[in-house]
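Visitor: Below is one structure. I have some questions about it.
What follows is calculated from the coordinates using simple rules that are stated; it is not laboratory data. Because the structure is a prediction, the values reported are computed rather than measured. Quick reminder, even Gly has a Cβ in these numbers, built from the backbone with ideal geometry, and neighbours come from all protein chains shown.
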Amino acid sequence: MKIVTTIAEAQSRQRSKPRVLVPTMGALHKAHLELIRVARERAGPNGEVAVSIFVNPLQFVPGSDYEQYPRPEKADEEFCRNAGVDLLFRPAARELYFEDRSAYVEEASLSSVLEGKSRPGHFRGVCTVVAKLFNILAPEVATFGEKDFQQLAIVRRMVRDLNFKIDIIAVPTVREDDGLACSSRNRYLNLEERKQAAVLHKALLAAASANKRSASDVVDLARKVISEVQLADIDYVELVDAETLQPVEMVRPNSLLALAVLFGKTRLIDNIRLP
Ligand code: PAF
């Protein structure tokens with residue numbers, strides 16, 4: 001596995017193989033392994049799998065966990081090696097951002113709801129760094145997880161609107177045995193929070209299978225299940241159209257139930273498609 005830390009080196013490498021990129025912020029876990037597996041499958045024997053690890057300061061809202069975000073460098077490197085990654089791109093923040101930077105990439109519609117409402121500027125940070133990674137590493141394909149459903153929709157919109165010639169592959173959410181969606185932030189949870197956090201998937205499953213028609217009934221049911229655990233503090237539970245991410249009043253094809261819930265200081269998100 002080749003490790004590259006500078007843009008110059010990443011861009012000067014001669015390349016004859018098609019590349020599939022897995023953009024990450026490190027602290028790799030089994031959901032990343034699945035992203036890498038799908039990337040490998042798509043790359044085939046003649047392709048190359050590239051993983052980027054970069055904790056992107058631009059996507060953290062002020063006062064959140066940028067400084068504390070886990071950065072287990074050695075373990076991540078081993079993880080990539082064992083997963084059969086060909087190229088690891090791991091730049092420092094000063095390598096990716098000029099101090100006097102003044103150009104950003106902003107998606108202006110899908111970013112205004114759900115996570116975008118609670119974390120202003122977050123998706124501008126995501127779009128900016130993803131566009132930079134696409135320019136630097138020039139992949140033909142990139143994989144993104146469906147846990148971050150809104151991020152996936154926004155990246156797809158950016159790719160479409162800015163004419164990146166890159167296929168975006170959506171990878172289904174990977175879960176722990178009790179249903180909790182895998183996330184690097186799960187490691188912030190204490191034992192009791194971790195135990196109670198399993199309620200999120202239970203709530204999504206209960207709401208999705210209850211055969212309710214109105215959005216408020218679906219949302220109320222999910223909220224009720226979540227409220228049964230003491231430590232959950234709901235930010236939002238919303239039923240939206242999976243394309244536009246706009247709220248819907250009645251369940252219809254392509255509806256998505258999305259939620260964000262705090263356990264202590266840890267904010268967890270998850271979602272489910274309604275049948
Ligand atoms: O999903 C993530 O890990 C990040 O938001 C991403 C896509 C790597 C951009 O920093």
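Visitor: Kindly indicate which of THR143, THR128, THR173 is within 27 Å of VAL4 (Cβ to Cβ), within 16 Å of the ligand (Cβ to nearest atom) and in contact with a strand residue (DSSP E or B) (Cβ under 9 Å, 6 or more places away or on another chain).
Guide: Working: THR128 fails: in contact with a strand residue (DSSP E or B) (Cβ under 9 Å, 6 or more places away or on another chain); THR173 fails: within 27 Å of VAL4 (Cβ to Cβ).
Unique residue meeting the criteria: THR143.
Visitor: Just the residues that are surrounded by fewer than 19 Cβ atoms within 10 Å (Cβ to Cβ) and in a loop (DSSP other than H, G, I, E, B), please, taken from region 61-83.
Guide: Within region 61-83, VAL61, PRO62, GLY63, SER64, ASP65, TYR66, GLU67, GLN68, TYR69, PRO70, ARG71, PRO72 qualify.
Visitor: With respect to the numbered conditions (1) assigned to a loop (DSSP other than H, G, I, E, B); (2) over 22 Å from GLN11 (Cα atoms), which one is the sole condition not fulfilled by LYS117?
Guide: With respect to (1) assigned to a loop (DSSP other than H, G, I, E, B); (2) over 22 Å from GLN11 (Cα atoms), LYS117 is out only on (1).
Visitor: If you go through region 30-62, how many residues are closer than 15 Å to THR143 by Cα and either of a type outside the set (Asp, Glu) or more than 14 Å from the ligand (Cβ to nearest atom) (or both)? Give the steps one after another, and end with the answer.
Guide: Kept after step one, since they are closer than 15 Å to THR143 by Cα, are these residues of region 30-62: 30-44, 47-53.
After this cut, where a residue has to be either of a type outside the set (Asp, Glu) or more than 14 Å from the ligand (Cβ to nearest atom) (or both) as well, the list is 30-33, 35-44, 47-53.
Looking only at that region, the number is 21.
Visitor: Here's another thing I want to ask about it. Out of region 47-73, which residues are of a type outside the set (Asp, Glu) and under 17 Å from LYS2 (Cβ atoms)?
Guide: As a first pass, look at region 47-73 and keep what is of a type outside the set (Asp, Glu): 47, 49-64, 66, 68-72.
Those that are of a type outside the set (Asp, Glu) and under 17 Å from LYS2 (Cβ atoms): GLY47, VAL49, ALA50, VAL51, SER52, ILE53, PHE54.
Visitor: I've got another one for you. Would region 79-90 turn up any residue that is more than 28 Å from ILE234 (Cβ to Cβ), hydrophobic (A, V, I, L, M, F, W, C) and within 12 Å of the ligand (Cβ to nearest atom)? Please lay out each step first, then the result.
Guide: Just the residues of region 79-90 that are more than 28 Å from ILE234 (Cβ to Cβ), to begin with: 79-90.
The next check asks that each one be hydrophobic (A, V, I, L, M, F, W, C); those that pass are 79-80, 83, 85, 87-89.
Pick out the ones that are also within 12 Å of the ligand (Cβ to nearest atom) and you get 89.
Yes, the conditions are met somewhere in region 79-90.
This table checks each residue for (1) assigned to a strand (DSSP E or B); (2) more than 18 Å from the chain's Cα centre (by Cα); (3) surrounded by fewer than 17 Cβ atoms within 10 Å (Cβ to Cβ).
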{"residue": "VAL85", "(1), (2), (3)": "no, yes, no"}
{"residue": "GLU95", "(1), (2), (3)": "no, yes, yes"}
{"residue": "SER111", "(1), (2), (3)": "no, no, no"}
{"residue": "ARG124", "(1), (2), (3)": "no, no, no"}
{"residue": "VAL159", "(1), (2), (3)": "no, no, no"}
{"residue": "THR173", "(1), (2), (3)": "no, no, no"}
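Visitor: Go through the residues of region 231-245 one by one and say whether even a single one is under 30 Å from ALA131 (Cβ atoms), without any contact (Cβ under 8 Å) to a residue 60 or more places away in the chain and surrounded by fewer than 21 Cβ atoms within 10 Å (Cβ to Cβ).
Guide: Yes; the residues of region 231-245 include at least one that is under 30 Å from ALA131 (Cβ atoms), without any contact (Cβ under 8 Å) to a residue 60 or more places away in the chain and surrounded by fewer than 21 Cβ atoms within 10 Å (Cβ to Cβ).
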